[in-house]
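The values are calculated or read from the model by the stated rules, or taken from the named source; none is laboratory data. In this text, all values refer to a predicted model and were calculated from it rather than measured experimentally. Positions of Cβ are backbone-derived with ideal geometry, glycine not excepted, and every protein chain shown enters the neighbour counts.
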Amino acid sequence: MKGLIFFWARNKVAANFLMLALLIGGIYTWIKLKKEIFPEIASNFITVQTPYPNATPEEVEKGVCVPIEEAIQDLDGIERLTSNCAEGIGFVTVQVTSGKDVRKVLGDVKSRVDAIQNFAESVEKPIISDVLIRNQVMSVAVTADTDERTLRALADDLRDDLLAFTGKAPTTAWEKIKRGVANAVLGEARISQIEITGIRDHEISIEVSENTLKEFGLTFEQVANAVRSTSIDLPGGSVRTAAGEILIRAQNRRYEAPEIEAITVLTRPDGSVVKLSDVAKVVDGFKEEDLYSRYDGHPAIVLNIFRTGEEDTLRVAGLVREFVAEKAAHVPKGVNLEIWNDESVLLEGRIKLLLGDGFQGFILVYIALALFLRPALAFHVALGIPIAFAGALIALPQGDISINMISLFAFILVLGIVTDDAIVVGERVNERIEAGEPAHLAAPRGTWEVMSVAAFGVFTTMIAFMPMFGVQGVSGNIWRQIPWIVIPVLIVSLIETNLILPAHLSHLKPIDPNHPSRFLRLQQKVAGSLDRFVKGVYGPLLVHLIRWRHATVAAFATVLLIVLGLLASGRLVKFEFFPRVEAEIISAKLTLPNGVPVETTEAAVRKIEEAALEIQKEIQDEEGQPIIKHLLASVGSQPYTPGLSMGGGKGVNVGEVTVELQSAESRNRPDLLADAIIANWRKRVGPIPGAVELSFQLQTSAGGNAVDLELTGPDMDELDAAAEFMKAELATQEGVIDIGDSNLEGKREVKLAVTPEGEALGLRLDTIARQVRQAFFGEEVQRLQRGRDEVRVYVRYPYEERRSLQNLADMKIRSKEGGEIPFSEVAAAEEGRGYAVIRRANRFRSINVTADIDRTNPNANANEVVEWMKADVFPRMNQKFPSVMWGFQGEQKDQRESVSDLSKGFVLALCGIFMVLALPLRSYVQPLIVMSVIPFGMIGAVLGHILFGMNFSVMSIIGVIALAGVVINESLVLVEFMNRYRREGHTVHEAVLRGGRARFTPIFLTSVTSFIGLLPMITETSVQAKFLVPMAVSLAFGGLINLFNTMLLVPCVYALFEDIRQKIYTPEALKRHEEDLALETNEHALDSGS
């Protein structure tokens, strides 16, 4: 390694070529990397989706979900099983154990499900897939005051045109060059995935009345079979003739209503035929459900545009904007195209924001270095920052890391750290040059002299960031971005410091004392002031602290305990799992009792919408624009329901109003933040009569309920009572809002049974149930593929004959012999009410009790509520409902798992750091001296949070973990120099004093540059970056306070350990120790003189 350093120091050409290669490679990689707001989240969930048309939730549970659960429950790799049994469909969700191969578990699940033989009758084939979390770029709202069919046709055409759009043709030579270069580097820009929402699916309904069936002597099954046997496409093989092979096929599939109406249903003995149009009305329309949307008060369909694979968010967004601008001039009059929920605008803004903060941090770091080091030396040290960043960019594709808000923040995080080793090397080389040694010798010798301590300092910093790799689940996909940035940056920085920097420093010219520049005179004054401080203040203070070292260590420990006590008490600084991210999309989600008429839901949604319109008219942002940009009101669905929730998001009883606010940058006033707007909106809406649930939510990556309690057990009545008990208890707590549960009452239902008279006629329940299903739900005839859409064809009663229970009573049941018997004579109907959705967790029924926290209430804190529940509520609940089990899901579960993973990883990191430190120090004891500063970093982290009035969070914890590596780096440099003076024969006290004075400047610079590099992020006023600030505060203030810990506490601890060694070791052991010191001194002298 020594020879390598000397070779590169003497070969500036090679060093410059390496520097250029890293810079060019980094720029090229930056262009190619995909850009997104948050990193892609790899899901470890598998879903089994099984349609059971027209079945009640209880039927779905018994006939679908339970058989699936029992078939797969013992498979290896399954951590958790949950089921949602909704009307007409069952979802079984499998959470795969972390570390297991999702594809393998998916294959095992599929094999078991395919082998199930006891599904209920009429259950369709299960659809088994892993959950893909798609990345939405933006939405395009298509509005027009027209009928549903026209609007749907328009949306279909726009979707097809957008999928084929590759951008406007370039007109100028410069545009052609740009397009050609972009396509060559990134490939052709294209949109590959669009989803239409807010519209019903196509459906063809063949409606036959009871009187018609009776008149023609037909049954639903005969009508369905007539359609099936005529509307077919069937290959018939081939004929191999001498002229070649000729294919035979029947091609008579009927796709449109007139074609279907022409099908022959019945042929009479006289040869006359009865066409379908004679007995039925064919309605080519939409699925019978109440589902529609309004965008800014107009009927609307929304096109959601997604990016897939390596597609770039900004390029996809650019294509959509081009398309909308071009198409808006050609759509029919009265049709409007509006871009909304544009995530790319946030991405562009956040990239500019973080790049701006990073550039400001770089300038501040350079200024700080230039004030305390000579300007030329400061330039070469600061030059290592872009080189290290560029080199790290080259490595990002290997870790599947994109350019996103977290990865960009990681670059800012490491901005002040990356210069630590270069400062140590540069300062040592400068000392040699000032001592009269030629630069071409001082550069490699000074580098080699401190190379070991600088390298091991970098290694310890890298180890400190490694616990983030160990976080599992969804959070792990986010946290792993940070070490994937920091570690490559530090590795490249180490290479730059030992290979490129010495080549540049070897050409430093001595300072001419007779002709100093104006800035150099300023720099000399600042550096001189620091030297006078070290000699006049720090040196004497350290003498007194060493003399009273026991009291000094005790004082530091006392301060640490006080600070930790403040954190634990929650009085000055509270704890929350994840800082709230400022949202630009907020929504109100409404659930009414099942079975209410659509008019009731529409009226409630209209009330919520009107309250939002009031806010739009009355409140303006800081730029004078209405605070609300757009509103999307939906009846029959909740399109913005987050997470992996299955079922419960559609139905005549649900609705949603989604609001797009002005950009967060124009809403810095407290009353304009999303939480304040939600509080205002909630107050204006007031209570909705009969509402089962009304919740207001932020649509952000940190969204979801603050409290999500899952109750499970075998007794549904006891579960229901326990849920009511928990809701009543939560309602007593200040700041707890939007309390609800998942146990919603279902629609009214009629349960059928066969009467004795029916059995006497040879009828069975399956015969009656099937005919009732055919009449009221419909007999599915076939499925047609029309363009991109699948269209189902049903035979059933006309709509007006399915409006009341009297229609059921008037129905005729047909026996095998062809007789027609009134329904009331052969069947009994018992009215009741079931569940809207039945939820199951790990093969037990479950109810989720959810609540949120009023973020505008300073006394409300989710963790305090949870601790109160554990200490007070759960013991009482366990006594009242002994069969009920409980557990937290959602944010609380993620918090518990993330903190646990980080804690385990941090312990392992400490062990790794200890072993790494033991190598250069050649001691089992001195690594403990170096590591003694780690817990004291918490002092600065907590005080920084108190100073800025922010809560401690998991982001703060990650900052503290990263801080461990930084503070060890500085402590290691100090202890190494103390050891060096000990090897030269100085007493312990002399070595401590000399080491402290000698290393004060570089340690001061590393602390200050780390703080200054993060200062723009800490003082960032943009609400979009607020959730990153706690991590920056922990690292910056912890590093700043660590200057005192390292320069005052470590010398005292070093002296204390020497006191202990003197008391424990025998004279013979002490003599051997002195001989070892002498041997190390000789080795060091040989190395330094080379």
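The figures follow:
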quantity	calculated
Search result, residues across region 885-899 that are more than 14 Å from the chain's Cα centre (by Cα) and under 19 Å from residue 874 (Cα atoms)	885, 886, 887, 888, 889, 892, 893, 896
Residue in region 207-217 that is buried (at least 17 other Cβ atoms within 10 Å of the Cβ) and among the basic types (Lys, Arg) present	no
Check on residue 692, hydrophobic (A, V, I, L, M, F, W, C), closer than 27 Å to residue 289 by Cα and surrounded by fewer than 20 Cβ atoms within 10 Å (Cβ to Cβ)	yes
Qualifying residues in region 848-867 (those that are loosely packed, with under 15 Cβ neighbours inside 10 Å and not polar (S, T, N, Q)) - the one nearest to residue 589 (Cα to Cα)	858
Count - residues of region 564-608 that are more than 30 Å from residue 836 (Cα to Cα) and among the hydroxyl-bearing types (Ser, Thr, Tyr)	1
Flag for residue 367 being among the β-branched types (Val, Ile, Thr) and either crowded, with 17+ Cβ neighbours inside 10 Å or in contact with a Gly (Cβ under 8 Å, 6 or more places away or on another chain) (or both)	no
Region 614-639 - residue that is of a type in the set (A, V, I, L, M) and in contact with a strand residue (DSSP E or B) (Cβ under 7 Å, 6 or more places away or on another chain) and, of those, farthest from residue 664 (Cα to Cα)	635
Region 406-421, subset under 27 Å from residue 346 (Cβ atoms) and β-branched (Val, Ile, Thr), residue surrounded by the fewest Cβ atoms within 10 Å (Cβ to Cβ)	406
Pick from region 391-405, criterion in a helix (DSSP H, G or I) and surrounded by fewer than 24 Cβ atoms within 10 Å (Cβ to Cβ), ranking: modelled with the lowest pLDDT	399
Residue that is nearest to the chain's Cα centre (by Cα), among those in region 103-131 that are without any contact (Cβ under 8 Å) to a residue 40 or more places away in the chain and over 30 Å from residue 767 (Cα atoms)	103
Residues of region 135-162 classified as assigned to a loop (DSSP other than H, G, I, E, B), surrounded by 13 or more Cβ atoms within 10 Å (Cβ to Cβ) and not hydrophobic (A, V, I, L, M, F, W, C), total	1
Scope region 743-771; condition of a type in the set (A, V, I, L, M), in contact (Cβ under 8 Å) with a residue 40 or more places away in the chain and over 30 Å from residue 850 (Cα atoms); matching residues	750, 752, 753, 754, 761, 763, 768
Matching strands (runs of 3 or more DSSP E) fully within region 709-816 where at least 2 residues are among the basic types (Lys, Arg) and either in contact with a Lys or Arg (Cβ under 9 Å, 6 or more places away or on another chain) or closer than 30 Å to residue 863 by Cβ (or both)	745-754, 789-796
Subset of region 567-604 (residues that are farther than 23 Å from residue 739 by Cα, of a type in the set (A, V, I, L, M, F, W, C) and touching a strand residue (DSSP E or B) at 6+ places or on another chain (Cβ under 8 Å))	567, 573, 598
Leading residue by the ranking (farthest from residue 833 (Cα to Cα)) among those in region 67-102 that are of a type in the set (A, V, I, L, M, F, W, C) and touching a residue at least 60 places away in the same chain (Cβ under 8 Å)	81
Conditions (1) buried (at least 19 other Cβ atoms within 10 Å of the Cβ); (2) closer than 25 Å to residue 597 by Cβ; number of the one not met by residue 752	(1)
Residue check for residue 13: surrounded by 15 or more Cβ atoms within 10 Å (Cβ to Cβ) and either among the aliphatic types (A, V, I, L, M) or within 32 Å of the chain's Cα centre (by Cα) (or both)	no
Boolean, residue 369 is farther than 21 Å from residue 497 by Cα and assigned to a helix (DSSP H, G or I)	no
Strands (runs of 3 or more DSSP E) wholly inside region 206-268 containing at least 2 residues that are free of Cβ contacts under 8 Å to residues at least 24 places away in the same chain	233-241, 244-251
Helices (runs of 4 or more DSSP H) wholly inside region 408-527 containing at least 2 residues that are closer than 20 Å to residue 16 by Cα	420-434, 439-465, 481-495, 501-505
Candidate set from region 817-859 (those that are touching an Asp or Glu at 6+ places or on another chain (Cβ under 7 Å), among the charged types (D, E, K, R) and outside any strand (DSSP E or B)); member that is farthest from residue 672 (Cα to Cα)	825
Region 93-115, residues that are β-branched (Val, Ile, Thr), within 15 Å of residue 74 (Cα to Cα) and buried (at least 16 other Cβ atoms within 10 Å of the Cβ)	93, 94, 96, 105, 109, 113
Pairs, first surrounded by 21 or more Cβ atoms within 10 Å (Cβ to Cβ) and at pLDDT below 85 in region 822-843, second charged (D, E, K, R) and not in a loop (DSSP other than H, G, I, E, B), C-beta under 8 Å, six or more apart	835/58; 835/745; 836/745; 836/747
Residue 117 vs. criteria assigned to a helix (DSSP H, G or I) and out of contact with any helix residue (DSSP H, G or I) (no Cβ under 6 Å at 6 or more places or on another chain)	no
Residue 832 within 30 Å of residue 79 (Cβ to Cβ) and of a type in the set (Gly, Ala, Ser)	no
